[in-house]
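Step one of this worksheet: look at the structure below.
Read-outs throughout are calculated quantities, based only on the coordinates presented, and are distinct from any laboratory measurement. If you're wondering where the values come from, they're calculated on a predicted model, not measured in any experiment. Cβ coordinates were reconstructed from backbone atoms using ideal geometry, including for glycine residues, and neighbour counts include every protein chain displayed.
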Amino acid sequence: MPKRLMPNHFNKVVDMKGIITAAEAAAFVKDACCLVIQGSGGGVGEPSKIIKALGERFRQDGSPRGITVVHSTGLGDKKEIGLDYLAMEGLVKRDIAGHLGMAPAMGKLVQENKVEAYNFPQGVLSHMYRAVAARTPGVITKVGLDTYIDPRIEGGKMNEVTTEDLVKVIELEGEEWLFWPRFKFDVGFIRGTTADMRGNISSEEEGAFLEGISIAQAVRASGGVVIAQVKYLAEAKSLDPHLVRIPGICVDYVVVDPEQRQTCLDVYNPSYCGHIKVPMTSIPPIPLDERKVIARRAAKEIFKGAVVNLGVGQPSGVAAVATEEGFIDDFTLTVEQGAVGGTPVGGVTFGVAYNPEAIVAMDAQFAFYDSGGLDVAFLGMAETDREGDVNSSKVGGMLAGCGGFINITQNAKKVVFCGTFTAKGFACHVGDGKLTIESEGKMHKFVSKVNQITFSAKYAQRSGQPVLYITERAVFCLKEDGLHLTEIAPGLDVEKDVLAHMDFRPIVDPGLKTMDPELFK
């Protein structure tokens, strides 16, 4: 049995022994230990005060050194918080992440080969916590096959100094699977809203529960120390048991941060946690531009009663269009961080939703996704190639990672990729039922070969998955013989406005259609 590093102070006494400062929490992280951190980027569910204290400790006395950090989503706000608190050479040896794009300073260390970095699917890491908690051998899944996660391609390694293989291809019952052997965690930083004096943690103001309970159980199963950050402290046994998300028997210490924010942008928005329902009709419509055209065309793939996931960025326009045009209640939107129903919040605080009908743990949400629970998924695309592969994880100097992209795209019943046709300088005018290109983008997004395979067309073809690629001027469809151009915007020329700006020639469908002029009005 793993040896406990410290006793659980909440288990035997009802006093202040289990309440510690952020600096005292940081002291539990020793040289070369493995630290697992809850959070979802944009400050959502992030124990920011403790993470910051760990960075301050290293800045003051140079320790700890050479730690491994594990987090299933991005940590940060693309400016300074989250993992960027730890972005100092020597502190972190290895970063195992579901997403890397929220912490640019840490991303710079990765790109400079000063930190080993692995990027694995968000759902895989989410389920790793369950595996560690239950002491099963690890995670076995098909998620990641034929993508850069596959060890026969890149193995999820994000730079040259990252050499150890952490994922394997195995065969079970005549089928290929990917296998991640179980991790071991020394310290866990988690978060909730309120802790009572027995260490029970509730999450009444959180817009996402994430994997707090699974992380706590995983760390304790490893013999490590669990430290929870909360905003409020309550008397022992005073919390409604229906609201307790993490029982005190799984928590060693609590850090109270009265300034804890719900997100990096919100002190507290009651609509994120279901305390009020805000009128979504108050959200202004998006302007009539290329983004709206793409969203309108994409929304045509939704049917009544569908369960839908919208990726960050361009796909978020689908929700805006559905709200404006009055059919937002015809289907159910979900967010991989756990929200069901409502409307996802875009931008840096992606991961929460306005007016959710339910909020479930993130590992439970991914179990639903991996089982094929999504009818339609809308994701962004940075690059697409002649095979139909998509790269959304590593483009030029951008180091983002996959997040939930691979879990979602491999398992949804239908996948719709959304994005402008070209980038860097593209401008157009939309109106009167047509698209007028004013300046062409300098960067082609339809390339001969993507820089990294985040979505595998080969895997989709084997599973018979319908796949569309929607831009403001053209729609493509993945078929057995490759990428087909199936629709073109009104008034555009196929050769001059589409094919001339691709690095390969797709199959022009014999039944090539004109996109509905109503999309451009």
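Structure data summary
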item	result
Linear extension gain, residue 80 paired with residue 170, 0.36 nm per residue minus alpha-carbon span	28.4 nm
Label-to-label distance, nm, for residues given as residue 249 and residue 325 (7 Å Cα→Cβ offset)	5.2
Region 16-256, Cα convex hull volume normalised per residue, Å³	116
Principal-axis tilt of helix 290-299 within the chain, Cα atoms, nearest 10 degrees	80
Cross-link reach list, aspartates and glutamates versus residue 513, counting only Cα pairs under 17 Å and skipping chain neighbours closer than eight places	301, 472, 487, 493, 495, 497
Residues residue 242 and residue 355, FRET efficiency given R0 of 25 Å [Cβ-Cβ distance, rounded to 0.05]	0.75
At R0 = 22 Å, FRET efficiency that the Cβ-Cβ distance of residue 367 and residue 163 yields, to 0.05	0.10
For residue 508, residues with placed amide H under 5 Å, excluding near neighbours	485
Under 21 Å from residue 231, Cα to Cα: lysines that are on another chain or at least 8 residues apart	17, 49, 52
Alpha carbon convex hull of region 411-465, projected area averaged over orientations, nm²	5.7
Residue-averaged [θ]222 nm for the chain, counting only DSSP H segments that reach four residues, each worth -39500 (n - 2.57)	-5000 deg cm²/dmol
Förster radius 45 Å - calculated FRET efficiency between residue 268 and residue 140 (Cβ-Cβ, nearest 0.05)	0.65
Footprinting exposure proxy for 406, 286, 359 (fewest neighbouring C-beta atoms within 10 Å first)	286, 359, 406
Quotient of C-alpha Rg and 2.2 N^0.38 Å, computed over the chain	0.98
Least to most buried among 429, 242, 501 (fewest other Cβ within 10 Å first)	242, 429, 501
Residue-wise HN-Hα coupling along region 333-350, computed from phi with Karplus coefficients 6.51, -1.76, 1.60 (Hz; x: Gly, Pro)	8, 9, 10, 4, 6, x, 6, 10, x, x, 10, x, 7, x, x, 5, 9, 3
Packing rank of 363-372, 396-405, 219-228, where each peptide gets the mean count of other beta carbons within 10 Å, highest leading	219-228, 396-405, 363-372
Histogram of C-alpha separations across region 115-159, 5 Å bin width, %	5, 22, 25, 23, 17, 7, 0
